[in-house]
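First comes the structure, then the notes that go with it.
Taken together, the values in this text are just the output of simple stated rules run on the coordinates, not laboratory data. As the structure is a computational prediction, the values presented were derived from the model and not from experiment. Cβ placement follows ideal geometry from the backbone for every residue including glycine, while neighbour counts extend to all protein chains displayed.
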Amino acid sequence: MVKVRSLGELQNLGPKSQAMLAAAGITTLEQLHKVGSVRAYVLVKATGANASLNLLWALEGALTGLPWQ
């Protein structure tokens with residue numbers, strides 16, 4: 001099993017998702033784990049980003065290792 005070390009290596013999170021997270025102040029895998037998927041989604045929405053619920057599902061999938069669908 002390969003250990004994921006950065007946001008860029010997470011399943012489901014592409015460059016746009018990573019940019020939205022960065023705008024919300026989440027730039028590391030540790031930060032994402034700490035805040036969790038729901039709080040991260042709320043923080044992204046608070047930046048004014050046009051994030052859909054697909055981002056929430058992608059974040060949860062990224063943290064659990066499951067496909068976002």
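The rows are residues; the columns are (1) within 15 Å of residue 11 (Cα to Cα); (2) of a type outside the set (Lys, Arg); (3) out of contact with any strand residue (DSSP E or B) (no Cβ under 8 Å at 6 or more places or on another chain).
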{"position": "29", "(1), (2), (3)": "yes, yes, yes"}
{"position": "33", "(1), (2), (3)": "yes, yes, yes"}
{"position": "37", "(1), (2), (3)": "yes, yes, yes"}
{"position": "42", "(1), (2), (3)": "no, yes, yes"}
{"position": "45", "(1), (2), (3)": "no, no, yes"}
{"position": "51", "(1), (2), (3)": "no, yes, yes"}
{"position": "55", "(1), (2), (3)": "yes, yes, yes"}
{"position": "65", "(1), (2), (3)": "yes, yes, yes"}
Output the residues belonging to the stretch 9-30 that are within 15 Å of residue 64 (Cα to Cα) and either free of Cβ contacts under 8 Å to residues at least 40 places away in the same chain or more than 10 Å from the chain's Cα centre (by Cα) (or both). 9, 29, 30
Among the aliphatic types (A, V, I, L, M) and touching a Phe, Trp or Tyr at 6+ places or on another chain (Cβ under 7 Å): which single residue out of 49, 23, 58, 40 fits that description? 58
Under 8 Å by Cβ, and 6 or more places apart or on different chains, what pairs join a residue from the stretch 52-64 that is under 18 Å from residue 19 (Cβ atoms) with one that is among the small types (Gly, Ala, Ser)? 55/17; 56/37; 58/17; 59/17; 59/37; 59/40; 62/37
